[in-house]
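Values in this text are rule-based calculations from the coordinates and carry no lab data. The shown structure was predicted, so the numbers you read here are calculated from the model rather than taken from an experiment. Positions of Cβ are generated from backbone atoms using ideal geometry, with glycine treated the same way; all protein chains shown enter the neighbour counts.
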Amino acid sequence: MGAAMRRIQAGNALSAFGLGFTVPYLYVYVAQVRDLGASTAGAVLAVFALAALVVLPFTGRVVDRRGPLPVLVAGAVLAAVGAAGMGLAETVATAVVSAALLGAGTAVMQPALATMIVWCSAPATRTRAFATQFFLANLGLGIGGLLGGQIVDESRPASFTLLFFIEALMFLVLAAMTATVRLPRPASPVGAPGEGGGRGGLRALLGHRAMVRLSVLGFVVFFACYGQFESGLAAYGTESAGIDPSALGIALAANTAVIVVAQFVVLRLVERRRRSRVIAAVGLIWAAAWIIAGYAGLGHGGQTMATAAFISTYALFGLGESMLSPTVAPLVADLAPVSMVGQYNSAFALVKQLALAVGPAVGGPMGAALPGPYIVTFVLFSLGITVLALRLGRGLTPVQDRPSLVSGSRVVAQHLPETAVPVCEPAR
């Protein structure tokens, strides 16, 4: 890993650390600490998510035209302002506006960071680069949440203000660290397949069958896993399986622990295998996880067994996540024409946000009121991941599906020739 990539990854980890400090406590902070009520807290969370849906359709084109660095810096500054504003929010209007700035800023940073990683990596190193990003982000979120929990005190609003100011500082550190990276824009190869010179954006993307299939697959992945963590699965566990609410924290910790411990062990196992087969295996693992969750809801083995089964479900989700991180994001990058990397990353981030918005809305009520159909539905969704992944694999080139075939080469599958791969260096 070069010096520039280290700065990018370190900044990413610090910003995740800042988010981990505040996101778990946002509802409590708005509703109880600032005494703005549950409805305002719900509106703040909704605005946080909606802001991402508003800005992401435009982010990719700006990234491709101006480069990812200014977009990342602008997003980090915007998020820092939103975090600081949230820490000082005492009115409904201030809380809502701050949530919008925070949500928009963090959303803009996702495709910008992904594009920087693409520009600073070759196909042979990209898998490991994205796995490292996912590992550090989860480590940052986990440590941030753990330390934040030791600082917050509902009787002292100043303790929450401190958290949000630390979060704002972390975003500014991200901006400062990445701003020192020399990031030359790679030249667009003449006549590269799928190139539109940045023109035709959405039409060109929708005409790319493999990317459309990957987007559909991505929606199902995020809907069936991430969209259920703190909504449907939590409601199912507490309402139907009789899990103590405190066990939810242990389950989430188990999920993060598996990712942190297993990520690089899993990476060695999957980086030389077909990406489509790895994603298909994740579907089977998650189907097993949902079946175990179903067992937890039966209640035949007592509360201890149900709790253990529930925690195992989250752990298996973590194993699947550690398999997805070195496969899905690099595949988006390798499918993208060089002039549309930002738009492809932004489009996939938008798919993720849509799934995260729809997932809780569907899963929450089902998990609480219809436990049996809920489990069956998500077992089927998980098996659907396997089917969609295998279909996707049939539409990929051998190198796109298995980049280790060009190990040691700097040739991007199908689109990016050797001369177009930039060398990123830290500014001196």
Two-site label geometry, A93 and I250: point separation in nm, points 7 Å out along Cα→Cβ
4.7 nm
Rounded to one decimal in Å, the inverse mean reciprocal Cα-Cα distance for segment 294-391, i.e. its Kirkwood radius, is 16.1 Å
By how many nm would the segment from A308 to F264 grow when fully extended, if each residue of separation counts as 0.36 nm and the alpha-carbon distance is taken off?
13.3 nm
Between A361 and L146, the two model label points (7 Å from Cα along the beta-carbon direction) sit apart by a distance in nm of 3.6 nm
If contacts are Cα pairs under 8 angstrom and at least 6 residues apart, what is the relative contact order of segment 221-375 in percent?
45 percent
Can you list the HN-Hα couplings for segment 24-41, worked out from phi with the Karplus curve (6.51, -1.76, 1.60; θ = phi - 60°), rounded to whole Hz and with x for Gly and Pro?
x, 10, 5, 4, 4, 4, 6, 6, 10, 5, 8, 6, 9, x, 5, 5, 5, 4
Mean separation of Cα pairs under 8 Å and 6+ residues apart, divided by the residue count of the chain: what relative contact order is that in percent?
27 percent
On a C-alpha basis, how far is the centre of segment 202-216 from the centre of segment 1-71 in Å? Whole number, if you could?
26 Å
For segment 280-285, Karplus-derived ³J(HN,Hα) couplings (6.51, -1.76, 1.60; θ = phi - 60°; whole Hz; x for glycine and proline) come out as 4, 5, 4, x, 5, 5
Go through [x] 21.1, 65; [y] 25.4, 87; [z] 22.9, 74 and flag the label whose value is the computed Rg and Dmax of the Cα atoms in Å for this structure.
[x]
Of I291, A315, L335, farthest towards positive along the dipole that unit charges on Lys, Arg, Asp, Glu beta carbons give segment 267-397
L335
Would you mind getting me the FRET efficiency between A176 and E239? Use the beta-carbon distance for r and R0 = 45 Å, nearest 0.05.
0.50
Anisotropy class of segment 1-84 from Cα gyration tensor, a/c 1.5 cut:
oblate
So for R0 = 51 Å, FRET eff. of L162-R394 from the Cβ-Cβ r, to 0.05, ends up at 0.45
